[in-house]
Amino acid sequence: RVDPAMNGEANTGVRRLPTARASGRACRHSRERLASAPRARAAFSLLEVLVAFVILAVVGTVLSQLYSASLRNAGAAEEWSRAVLVAEGHLESAAATYPLKEGSNAGTDDGGRYSWTTKVEPYVAPDTSQDLLNASAQLPISLLRVSVNVSFPGATGADRTIALSTIKLVRKDLQ
């Protein structure tokens, strides 16, 4: 297929720009049009660059604060997890004592960072009537509450405390 704009050449899918030889008038009009068109912006203005830097600074500040807060939260979560492990260990140790007897014990772990207190005391359910207490005194078993309190320093300097407890059923003749 022959295109009249192609000066009799076959259409190969590649469009060629008109040359001065092919159409002197078309080439001259193209140059005039490019020269009279508004110049394309080749660079950013100073104001645009300053606005971009301000936005970048604000976003950077917010991201660094979020990162810092997440690190603090991760440290606090690690402290709480370690305190729970200390409490669970001492609770299990106290509850596994045979025979389990009333009393208390205290100490520190991890170089004094975690202080703990273990108590074994009789357990009385809330809202228990006096008649039920008198009847349960006749039974050969009793309930003992084993509790552990673990204190450790928080990020602000104030002590944080975690408390765990369990209830054990014991024979009275072994107390």
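The values are calculated or read from the model by the stated rules, or taken from the named source; none is laboratory data. Worth saying up front: this structure is predicted, and the values here are computed from it rather than measured. With ideal geometry, Cβ positions are generated from the backbone for all residues, glycine too; neighbour counts draw on all protein chains shown. In case anyone asks, the SASA skips ligands and DNA or RNA and just uses the protein heavy atoms, side chains included. Shrake-Rupley method; radii C 1.70, N 1.55, O 1.52, S 1.80 Å.
Given the residues Ala87, Ala135, Ala69, which is the only one that is modelled with pLDDT of 90 or more, in a helix (DSSP H, G or I) and over 17 Å from Thr161 (Cβ atoms)?
On the way: Ala87 fails: over 17 Å from Thr161 (Cβ atoms); Ala135 fails: modelled with pLDDT of 90 or more.
Exactly one residue qualifies, and that residue is Ala69.
Testing Gly107 on (1) of a type outside the set (Lys, Arg); (2) free of Cβ contacts under 8 Å to residues at least 24 places away in the same chain; (3) within 18 Å of Pro153 (Cβ to Cβ); (4) open to solvent by 50 Å² or more (accessible area, probe 1.4 Å), one condition comes back false. Which one is that?
(4)
(1) surrounded by 14 or more Cβ atoms within 10 Å (Cβ to Cβ); (2) within 41 Å of the chain's Cα centre (by Cα); (3) not in a strand (DSSP E or B): which one isn't true of Trp116, the others all being true?
(3)
Which residue pairs have Cβ atoms under 8 Å apart, sit 6 or more places apart or on different chains, and have a first residue in segment 160-173 that is closer than 11 Å to Pro122 by Cα and among the aliphatic types (A, V, I, L, M) and a second that is assigned to a strand (DSSP E or B) and open to solvent by 70 Å² or more (accessible area, probe 1.4 Å)?
From segment 160-173, the pairs are Ile167/Leu143; Ile167/Arg145; Leu169/Leu143; Val170/Leu143.
Select from segment 130-148 the residues that are under 47 Å from the mean Cα position of the chain (by Cα) and open to solvent by 70 Å² or more (accessible area, probe 1.4 Å) and write down the one among them that is farthest from Glu78 (Cα to Cα).
The extreme case among them is Leu143.
So for segment 151-162 (the condition being more than 30 Å from Ser68 (Cβ to Cβ) and open to solvent by 60 Å² or more (accessible area, probe 1.4 Å)), does at least one residue qualify?
Taking every residue of segment 151-162 in turn, none turns out to be more than 30 Å from Ser68 (Cβ to Cβ) and open to solvent by 60 Å² or more (accessible area, probe 1.4 Å).
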